[in-house]
Amino acid sequence: MFNFKWKKIGVIAGLSLSLIAAGCGSDDGEAQSETSASEEMEYTITGIEPGAGQTETNEIAISEYDSLAGWQQELSSTGAMLSELSDAMDNEEPIVISAWSPHYMFANWDIKYLEDPKGIFGEEESITTIAREGLKEDMPGAHTMLDRFQWELEDVEYGLLEAQEKSFEEVAQEWVEENQDTVAEWTEGVEPVDGTPIELVLTPWDAETFTTNIAKVILEQQGYSVTLTPIDPAVLFEAIADGSADASLAPWMPATHGELYAQYEGQFEDLGPNVDGAKIGLAVPEYMDVDSIEDLQPKE
């Protein structure tokens, strides 16, 4: 700690006033910077497809947050949004985008979610594994492995980035080869079988396609004959509930597929999350000096 001997009280008073003035100047500068960034973005959220669930949620956020008063969405497609994000990052320009996890955008670019104090975008979700009743008795080894499958969010997002250049089957095979210690934990004590058929159903979404293909590789290494069937979420729950499919690693809980879960609850077995931390929201590059939706500025 510095120890100065001031000779005049006036010096202290003058310094105090200077610090106060400097502090006020800093706050004004920060507000000006936020306003400048919002203005530079033309008070626009770079969104995705019209009619998408997140597009509708963004509209709710615009109506609920004072900081988004006068803002609008630029809608086109997910690909167009990612292209604009890439261009903005290359030039260190401000941008606010529709974002969701898991997605390779977080593995490819240094971006962050904006805090959502009003909870418009909901809580974090988990991607969950469910199985038909009786699977544990019919295929105890498969049931054990399905119950053990769990991935870190970052692993899934990196896999999705790799899948931009390769097929999901290739990326899944590589993941298994590079994570033999984890695979050994998942298969410990499991007795191999000889061609026992098992059908896994999934939503045709990238994250679920990646993890289900990993499950397929591991199950096949244990002797199972695996069929993957992409279907609509409503059909997925019905298939597990009536036993026409064996398991799924695709349901998002508690919100995204909560109504379907409740509709068929008691007609399947919930094996718990296989990926935690799934969410949606608004995101910006890390270099932007905003951390919350409330840090943005309304259109004058």
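The values are calculated or read from the model by the stated rules, or taken from the named source; none is laboratory data. Just so you know, these numbers come straight off a predicted model, no measurement behind them. Using ideal geometry, Cβ is built from the backbone for each residue, glycine included, and neighbour counts are taken over all protein chains shown.
Taking the criterion of being touching a residue at least 60 places away in the same chain (Cβ under 8 Å), of a type outside the set (D, E, K, R) and farther than 21 Å from GLY119 by Cα, the residues of the stretch 262-284 that qualify are GLN267, PHE268, LEU271, GLY272, PRO273, ASN274, VAL275.
Against the definition (surrounded by 15 or more Cβ atoms within 10 Å (Cβ to Cβ), without any contact (Cβ under 8 Å) to a residue 60 or more places away in the chain and touching a Ser or Thr at 6+ places or on another chain (Cβ under 6 Å)), how does VAL217 come out, yes or no? When the stated conditions are applied, VAL217 does not pass them. Just one of the listed residues (SER83, SER76) is over 18 Å from the mean Cα position of the chain (by Cα), without any contact (Cβ under 8 Å) to a residue 40 or more places away in the chain and under 27 Å from VAL275 (Cβ atoms), and it is SER83. For the stretch 111-129, the criterion of being over 30 Å from TYR65 (Cα atoms) and touching a strand residue (DSSP E or B) at 6+ places or on another chain (Cβ under 9 Å) is met by at least one residue.
Evaluated against (1) under 14 Å from VAL284 (Cα atoms); (2) assigned to a helix (DSSP H, G or I); (3) in contact (Cβ under 8 Å) with a residue 24 or more places away in the chain, ALA99 falls short on exactly one condition, (2). Taken over the stretch 108-125, residues that are assigned to a loop (DSSP other than H, G, I, E, B), surrounded by 12 or more Cβ atoms within 10 Å (Cβ to Cβ) and of a type in the set (Asp, Glu) amount to 2. Scoring GLY141 on the criteria (1) in contact (Cβ under 8 Å) with a residue 12 or more places away in the chain; (2) not in a helix (DSSP H, G or I) leaves a single failure, condition (2). Note on the stretch 157-211: among residues that are of a type in the set (Ser, Thr, Tyr) and in a helix (DSSP H, G or I), the one that is surrounded by the most Cβ atoms within 10 Å (Cβ to Cβ) is THR211. Restricted to the stretch 126-143, and to residues there that are among the charged types (D, E, K, R) and surrounded by fewer than 19 Cβ atoms within 10 Å (Cβ to Cβ), the residue that is nearest to ILE198 (Cα to Cα) is ASP138. Residues that are of a type in the set (Asp, Glu) and closer than 22 Å to ASP291 by Cβ were ranked within the stretch 68-107; the one that is surrounded by the fewest Cβ atoms within 10 Å (Cβ to Cβ) is GLU92.
Among the residues of the stretch 270-277, at least one is over 14 Å from LEU146 (Cα atoms) and part of a strand (DSSP E or B). Only a single criterion out of (1) crowded, with 18+ Cβ neighbours inside 10 Å; (2) out of contact with any helix residue (DSSP H, G or I) (no Cβ under 6 Å at 6 or more places or on another chain); (3) outside any helix (DSSP H, G or I) is not satisfied by LEU146, namely (3). The residues in the stretch 94-144 that are under 13 Å from the mean Cα position of the chain (by Cα), polar (S, T, N, Q) and closer than 25 Å to SER38 by Cα can be counted, and the count is 2.
Quick check on the stretch 27-44. Is at least one of its residues touching a helix residue (DSSP H, G or I) at 6+ places or on another chain (Cβ under 7 Å) and assigned to a loop (DSSP other than H, G, I, E, B)? No; the residues of the stretch 27-44 include none that is touching a helix residue (DSSP H, G or I) at 6+ places or on another chain (Cβ under 7 Å) and assigned to a loop (DSSP other than H, G, I, E, B). Quick check, is LEU236 touching a Phe, Trp or Tyr at 6+ places or on another chain (Cβ under 6 Å) and either in the same structural domain as TYR261 (by TED's automatic domain parsing) or not in a strand (DSSP E or B) (or both)? So LEU236 fails the test.
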